[in-house]
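Comments concern the structure below.
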Ligand SMILES: Nc1ncnc2c1ncn2[C@@H]1O[C@H](COP(=O)(O)OP(=O)(O)OP(=O)(O)O)[C@@H](O)[C@H]1O
Ligand SMILES: [Mg+2]
């Protein structure tokens, strides 16, 4: 049985449904990342798990116990907020120890627990300071320390890195991952940064307007997106979407190119079905970079509209059959806007969506 | 903002500054003149007052009038000075300020962090209370005090001032706590703190500036109040302001201006003290409220 279960969770604010029937299972020690565009209900879901907002209907089960009617403090969870929410009038030490104090833990025991956590997070030298005297990164650590010290059953993180600068974010991200691997904590983590989602999660939940679009491992979500929304949301630059239709068991693109069915499609859709061929930029490459073990590598020629060197490699915006097509090639490829280039499409990695519904064709 | 450096020459800037300081000095003198007259008069003898110039410094300064005002002056029929009334006022103002400030903070806390259906109406009605003139509540208040058996007592006055001040103190604290992050409250809830624990341990310790503003505001209002004092307390139980009025307006005997002035200065001392001790926070608190809205 799953460690954290969410059953048919609905939350309404007035007449508006913010969460429209959420179902999630998370095993013990799992790292669940909730992603989705702003306003899709991620924080609302997290608050419901924490008990800070009551769901309208549905159940939340932690370790076999329905916790709907339990006070937040009794749920044995810890939450790290986007703003960190450190108590401004208390020192770092008091901040970290507050929950233990509320539980009535004796002072000496408390000090020991605080010291242990401070050591893990390398904030021992900050213990006597107040939050106002800390940098953003240090505050973030203190907020984590406050969660860690309680040794909760479930950790909840609401966009904990969004207030940090880019470099620090990468560092702390790695630290959170290390922390998860060493403590085997069960974590629910909200972000709208898809890189954070991909790097941290054992399981990703993609949400849109209060509805779960897809639940799966990072590789599932990335390689086999359930619909065009997920495909577009995860990955940067976004997945290419080339319109076409099925003709004689082949994909006939609007530009005239005929391609075999992608490797992810098991049975050919009906003749004439309108489809979108989804293919990620890294599956559109120059021959030398293409996966040599790929079964279907199809070369096409297209004019280059724009080059975007990133340093490590280069993105090319091509024009194919009237559609923009992003390709990823080696940084060394000598090509300029206006020239023709030959790229290989790796159809093993491509996916097919039904145009009307946007659902993936398996 | 950049200073309009090229449009003002250093010379004219200096002239403007002299003018501003000069004007400020004149206004300060105008405002200080009554205080000067009060202080000098209180240090003069009666003969000197009758014969001399109001603005002149005392020839032989003495604190006689101060001691008389404090311990011997006749108020009504008793001649025990104003000291008893001074203590009456203190016994009224300290609990009234403390209770109204604390309740205001509690109200502000509930109205921002524990919202209930209809919280806006409740707050609106409390705001409305701020605009009810004193005179309008006199008779109903007298009736309530009568029913409670608290008329003519310091406790009754405390109750009146707490009720009347609650609208203001609630307004102050509500606006201050409105800007206080909700996430802190949520975090404390998860940490296991209850309603009062969050209030005592997290909100109140972060409320320094607004507490100072509220205390100054309430202290000056309550200490200086005359109408409630004269309506709901009389004789020995009257507060300082009422006693001062009785002292100054008593028609028997010789008019002792020096004693009147000394008593008036004594009556003003506590508010002066509160301003000096807490004044620098007062401005800071007002500014904080203004920015955070
Ligand atoms: N009290 C409320 N009344 C009405 N609607 C609300 C209320 N609180 C939140 N909402 C709406 O619920 C939706 C979900 O909000 P939520 O904060 O969960 O979004 P989110 O996914 O966390 O977004 P973000 O990434 O911007 O943090 C939003 O559309 C928001 O406008
Ligand atoms: Mg959010």
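Just so you know, all these numbers are worked out from the coordinates, no wet-lab data involved. Predicted model, so just to flag it, every value in this text is computed and none were measured. Heads up, the Cβs are rebuilt from the backbone with ideal geometry, glycines too, and the neighbour counts pull from every protein chain shown.
Some points to look at:
- A Förster distance of 25 Å, applied to the separation of the beta-carbon atoms of residue B:153 and residue B:130, puts the FRET efficiency at 0.45.
- Ratio of the Cα radius of gyration of region A:166-225 to 2.2 N^0.38 Å, where N counts its residues: 1.18
- Rg to Rh quotient for chain A, alpha carbon positions, Kirkwood Rh: 1.06
- Here region A:279-358 and region A:68-143 have alpha carbon centers that stand 49 Å from each other.
- Across every direction, the projection of the convex hull enclosing the Cα atoms of region B:221-273 has a mean area of 4.0 nm².
- Mean separation of Cα pairs under 8 Å and 6 or more residues apart, divided by the residue count, gives chain B a relative contact order of 28 percent.
- Note: relative contact order over region A:240-361, using C-alpha pairs below 8 Å and six or more positions apart, is 32 percent.
- Radius of gyration, Dmax [region A:240-361; alpha carbons; angstrom]: 14.3, 44
- Hull-based mean projected area of region B:19-151, where the convex hull spans the alpha carbons, in square nanometres: 15.6
- Over region B:10-62, the alpha carbon radius of gyration divided by the compact-protein estimate 2.2 N^0.38 Å works out to 1.73.
- Listed residues B:85, B:18, B:164, most fluctuating in chain B (Gaussian network, C-alpha, under 10 Å): B:18
- Each helix, a run of at least 4 DSSP H residues, gives -39500 (n - 2.57); summed and divided by the residues of the protein assembly as shown, these come to -15000 deg cm²/dmol at 222 nm.
- Interatomic Cα distance distribution for region B:83-287, bins of 5 angstrom, percent: 1, 7, 13, 16, 17, 14, 12, 9, 5, 3, 2, 1, 0, 0, 0
- Cβ neighbours within 10 Å from other chains - mean over B:190-200: 5
- One decimal place: the segment residue B:90-residue B:275 gains 65.0 nm when fully extended, by the rule 0.36 nm per residue minus the C-alpha distance.
- Calculated P(r) tail over 14 Å for region A:98-190, as whole % of Cα pairs: 69
- Cα-only radius of gyration and Dmax that characterise region A:149-254, units Å: 17.3, 62
- Region B:180-197 and region A:1-29 have their alpha-carbon centroids 24 Å apart.
- Centroid-to-centroid separation of region B:27-89 and region A:182-196 [C-alpha atoms, Å]: 75
- Among A:231, A:143, A:290, the largest mean-square fluctuation in a Gaussian network model of chain A (Cα springs under 10 Å) belongs to A:290.
- If a spin label sat at a point 7 angstrom from the Cα of residue A:209 along the line to its beta carbon, the backbone N atoms of region A:215-249 nearer than 13 Å would be those of A:229.
- Stretchable slack from residue B:200 to residue B:15, in nm (0.36 nm times residue separation minus alpha-carbon distance): 61.3 nm
- FRET efficiency estimate (nearest 0.05) - Cβ-Cβ, residue B:79 to residue B:138, R0 35 angstrom: 0.70
- Contact order for region A:14-161, expressed relative to its length and based on alpha carbon pairs under 8 Å spaced 6+ residues apart, stands at 29 percent.
- At 1.567 mPa s and 4 °C, Stokes D of the protein assembly as shown from Kirkwood alpha-carbon radius, µm² per second: 41
- Within the listed set B:144, B:158, B:59, the Gaussian network model of chain B (springs between alpha-carbon atoms below 10 Å) gives the highest mean-square fluctuation for B:59.
- With bins 10 Å wide beginning at 0, the percent of Cα pairs of region A:195-291 falling in each bin runs 14, 39, 34, 13, 0.
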